[in-house]
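Below you'll find the structure, written out as C-alpha cells, and then a few comments.
Read-outs: derived from the displayed coordinates by stated rules, not from any lab. What you see is a predicted model; the values in this text were computed from it and never measured. Counting neighbours? That spans all protein chains shown, and the Cβs are built from the backbone with ideal geometry, glycine included.
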Amino acid sequence: MTGAVDWVMILGLVAGICTTIAVIPQLLKAWRTKKVKDVSLGTYLVLITGLALWIVYGVILKDFPIIATNGTALVLNGIMLWMLLRFGK
C-alpha cells in the first residue's frame with residue numbers, strides 16, 4: 001500500500017509541476033518586453049480564483065501535492081497579474 005501511495009503522490013507532484021511551470025514562458029516574455037496587451041486579464045483572474053480554491057481543497061484533504069503545486073502556481077500567476085496591472089496601462 002505504501003508503494004501505491006508514493007506513486008500517487010509522485011504522479012500528483014509531476015502533474016502539478018507541469019501545470020505550474022506552464023506560465024513561466026509568458027512571465028519571462030512579459031518581464032522582458034514589458035508588453036502584456038495581448039494577455040487576458042479576465043483569464044488570469046479566473047485562474048487565480050481557481051488556484052486559490054484548489055489550495056483550500058488541498059488543505060481540506062491534507063494533500064501536499066495539491067497544496068504545494070497550486071500554491072506555487074498562485075504565486076507565479078499572481079506575479080503575472082501584477083505585470084498585467086503594471087504594464088497594461
I need the full set of residues from the stretch 65-89 which are hydrophobic (A, V, I, L, M, F, W, C) and surrounded by 13 or more Cβ atoms within 10 Å (Cβ to Cβ), in order please.
Ile66, Ile67, Ala68, Ala73, Leu74, Leu76, Ile79, Met80, Leu81, Met83, Leu84, Phe87
What number of residues in the stretch 35-57 are among the β-branched types (Val, Ile, Thr), surrounded by fewer than 16 Cβ atoms within 10 Å (Cβ to Cβ) and within 10 Å of Leu84 (Cβ to Cβ)?
1
Residues of the stretch 56-73 that turn out to be more than 12 Å from Gly16 (Cα to Cα) and among the aliphatic types (A, V, I, L, M), as a count
4
Going residue by residue through the stretch 14-31, is there one that turns out to be exposed (fewer than 12 other Cβ atoms within 10 Å of the Cβ) and basic (Lys, Arg)?
no
